[in-house]
Amino acid sequence: MTATATLDAAPVATVTRADYANADHAADIVAMLRVYAMDPMGGGEDLSPEVQANLVPGLAATPAASSLLAYVGDEVAGLANLMTTFSSFGGKPLINIHDIVVAKEYRGTGVGRALFAEIETIAREAGACKVTLEVLEGNMPAKALYASLGYGDYQLDPKMGKALFWQKRLET
C-alpha cells in the first residue's frame, strides 16, 4: 500500500510499505538507518558493516517487523521500522515505532507526518490499541512533532511518575 501526503496541495512524500525482498527497498532501509545512526539523536556513529549486512535479513526474519519508506520523487527521505507486539493491559496488539528518521534536508516538510499517518493506518488495520515510541529528552523538534500528533508521556498513576525506558546491553 502506498500513501501520499500533501502540504499546500503539492506532493511532499509518498510512503510505501517496504518489501524486504526488494533490493531497492533493502538498500534504502540501510541508507536511512545509517543517516539515523550518524545523527546525534542516533548516537553519532555509522553502523558497522556487520550491522548493515544483517539489518534487512534480520528484519525479514522477524515476523513482528515491518518498515515504511518515504520518498520525495525518487529520493528516499524517511524510514520507520515498526514492531507489532501485544498490550497486556489493552488486550490488543500495539505498534511500537522502533526507529523513525527523516533525512535532514526533508525535516519540516511533512515527511514525518506522512510516515505517522501511514503508521496510524497500519495500527488501525491491526486493531491496535496504541502506538508507542521512545524519544530522547533533548530532541525538541521530534518531541514537538510527536506532541502535535497526540503523543505524550506514559504514566499509569501520576503519583508514581512517568515511565522510563531502560536498557541493559548484552555482550555477544
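Here are a few things to note about the model shown:
- Residue tally, condition at pLDDT below 95, under 15 Å from Tyr71 (Cβ atoms) and surrounded by fewer than 18 Cβ atoms within 10 Å (Cβ to Cβ), over the range 8-39: 2
- Test: residue in the range 148-160 that is among the charged types (D, E, K, R) and modelled with pLDDT of 95 or more: no
- If you go through the range 22-53 and keep only what is of a type in the set (Gly, Ala, Ser), under 19 Å from Glu75 (Cα atoms) and over 15 Å from the mean Cα position of the chain (by Cα), you end up with Ala23, Ala26, Ala27.
- One residue stands out in the range 74-107 among those that are without any contact (Cβ under 8 Å) to a residue 24 or more places away in the chain and more than 16 Å from Met32 (Cα to Cα): the one that is surrounded by the most Cβ atoms within 10 Å (Cβ to Cβ), namely Met83.
- Within the range 125-140, one or more residues are of a type in the set (S, T, N, Q), surrounded by 14 or more Cβ atoms within 10 Å (Cβ to Cβ) and in contact (Cβ under 8 Å) with a residue 60 or more places away in the chain.
- First in the range 11-38 and outside any helix (DSSP H, G or I), second anywhere and hydrophobic (A, V, I, L, M, F, W, C) and modelled with pLDDT under 95, Cβ under 6 Å, 6 or more apart: Val12/Ala5; Ala13/Ala5; Val15/Ala3; Arg17/Met1
The values are calculated or read from the model by the stated rules, or taken from the named source; none is laboratory data. Because the structure is a prediction, the values reported are computed rather than measured. Here the Cβ is made from the backbone with ideal geometry for all residues, glycine too, and neighbour counts use every protein chain on show.
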